[in-house]
Each structure stands twice: as structure tokens, then as C-alpha cells.
Ligand code: DC
């Protein structure tokens with residue numbers, strides 16, 4: 001899938017397990033495009049809620065999904081998804097989206113709508129001269145890029161994760177989201193085969209990044 005000089009790093013894990021902070025640093029260090037697929041699910045959820053489309057109303061949901069046009073804008077090293085030309089509102093991290101996102105993300109048609117868009121970020125990264133991409137989510141190593149060069153699965157104690165969200169000033173039902181994300185039929189949160197598992201409960205961000213970078217760096221050695 002990937003050319004030798006282009007690498008794909010997949011980082012999966014539950015809510016507040018440390019995916020975003022570590023993937024942003026890896027993107028900087030190795031010149032990768034950072035892709036936060038959770039923000040894509042949040043943006044879609046926000047848009048569907050704005051349109052008043054309930055996750056239980058499949059006909060209206062399908063109609064709305066067919067109307068959404070996805071494009072990408074770069075925000076520094078991060079891929080920002082635009083829906084019909086509009087960036088996500090800052091409230092995508094608020095409690096309303098936190099409470100609903102796992103319900104919409106469990107619907108196969110919602111996941112299918114995002115599948116090719118997510119894979120298409122590889123071409124976006126190549127067009128902009130990145131050496132690869134680091135994509136974070138729940139099903140990146142299992143479904144989106146099963147042939148990723150590197151797959152990491154992050155975890156941390158629920159109490160520690162709740163503390164991290166509280167520090168960010170966020171109200172988030174982490175345990176409930178993880179329960180829904182892990183138990184759904186369509187592409188559940190799972191540690192993909194062959195993934196390097198990292199428990200970040202007692203690690204600093206720097207230590208997490210060093211573990212990941214130690215695996216990735218040899219791929220770039222001498223190139
Ligand atoms: O990473 P996050 O907490 O911002 O993700 C928000 C929600 O999006 C998460 O609870 C489940 C869903 N999601 C998903 O189902 N698959 C992904 N690849 C990424 C996120």
C-alpha cells in the first residue's frame with residue numbers, strides 16, 4: 001500500500017488514552033500529517049444534531065449523509081475536515097457531542113460514509129509533501145489501514161483518564177463512551193493484531209512518545 005518512503009502510523013485507543021497529544025508530537029518529529037478521526041465523527045455528529053436528525057431515524061440519517069460533502073483543509077500539520085465547506089465548531093468537544101457521538105459512530109452507514117474519506121488522507125499527505133501520516137481513532141489499525149507500518153494501541157486507567165479530561169475542563173462520560181465504542185458491531189474499538197500496546201497510566205507524555213518514536217525512527221534511518 002505505502003511506498004517505501006511514506007509511512008502510516010495507526011494509533012487506536014479509548015477516550016483520553018493519550019492518542020492526540022502523542023500523535024501531534026510524532027507528526028512534528030517525523031514530518032507526518034496528523035489525522036484525528038475522532039474529530040471527524042464529532043463533526044458529523046454535530047452536523048446531524050444541528051439538522052435534528054436522530055441516530056434512530058435511519059431514513060433521515062441516510063438522506064442527510066448523502067448531502068454531506070467532505071473536503072480537507074490543513075491546520076498546521078493536522079487535517080481538518082470541512083463539511084460542505086465549513087470547519088467544525090468548537091463545541092464538537094462539548095458535552096452534547098460527547099453524549100451523542102458514540103451512538104452515531106455505531107451506525108454502519110455513518111462509518112461507511114467516512115471510510116474512503118479517511119483513506120483519502122493518504123493522498124492529501126502525499127500532495128502536501130508529508131513523509132507519511134499518523135492517524136488516531138478506534139479502528140485505524142483494524143479497518144482503515146490494516147497494513148499500516150506501525151500500529152499502537154493506547155490504554156490508561158479510567159480514573160487517570162477522567163482526571164485528564166477534567167484538567168482540560170471537559171465533561172465527558174469516558175467509561176460509557178468506551179463501553180459503547182467497544183461493544184458495537186461495526187468496527188468496534190479493539191487492539192489490532194500485532195499492535196504495540198502502551199499503557200500510559202504511569203507514563204509521562206514524553207515517555208509515551210519515546211516508546212513510539214523508538215519503533216518508527218529506524219524506518220527513516222539513512223533516508
Ligand atoms: O477520539 P474521540 O474521543 O474524539 O472520538 C469521539 C468518538 O468518535 C468516539 O467515542 C467514538 C468515535 N470514533 C470512532 O468510532 N472511530 C474512530 N476511528 C474515531 C472515533
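Residues that are away from the ligand (no atom under 16 Å from the Cβ) and farther than 23 Å from residue 172 by Cβ: list the helices (runs of 4 or more DSSP H) wholly contained in the stretch 2-100 that include at least 3 such residues.
Values: elements: 19-30, 37-50, 58-67.
Qualifying helices (runs of 4 or more DSSP H): 19-30, 58-67.
Residues that are closer than 25 Å to residue 27 by Cα and touching a residue at least 40 places away in the same chain (Cβ under 8 Å), at least 2 per element: which helices (runs of 4 or more DSSP H) completely within the stretch 149-223 meet that?
On the way: elements: 158-167, 174-183, 205-220.
Once the helices (runs of 4 or more DSSP H) in the stretch 149-223 are filtered for at least 2 residues that are closer than 25 Å to residue 27 by Cα and touching a residue at least 40 places away in the same chain (Cβ under 8 Å), what remains is 158-167, 205-220.
So which residues in the stretch 101-120 are more than 12 Å from the ligand (Cβ to nearest atom) and surrounded by 17 or more Cβ atoms within 10 Å (Cβ to Cβ), if there are any at all?
Correct list: 113 only.
Filter the stretch 122-139 for residues that are in contact with a strand residue (DSSP E or B) (Cβ under 6 Å, 6 or more places away or on another chain) and within 19 Å of residue 29 (Cβ to Cβ) and give the result.
125, 130, 132, 133, 134, 135, 136
Out of everything in the stretch 1-18 that is at pLDDT 95 or above and surrounded by 23 or more Cβ atoms within 10 Å (Cβ to Cβ), what residue ends up being farthest from residue 167 (Cα to Cα)?
Ranking the qualifying residues of the stretch 1-18, first place goes to 8.
The values are calculated or read from the model by the stated rules, or taken from the named source; none is laboratory data. All figures in this text were calculated on a predicted structure; none of them were measured in a lab. When we count neighbours, we look across all protein chains shown, and the Cβ atoms used for this are built from the backbone with ideal geometry, even at glycine.
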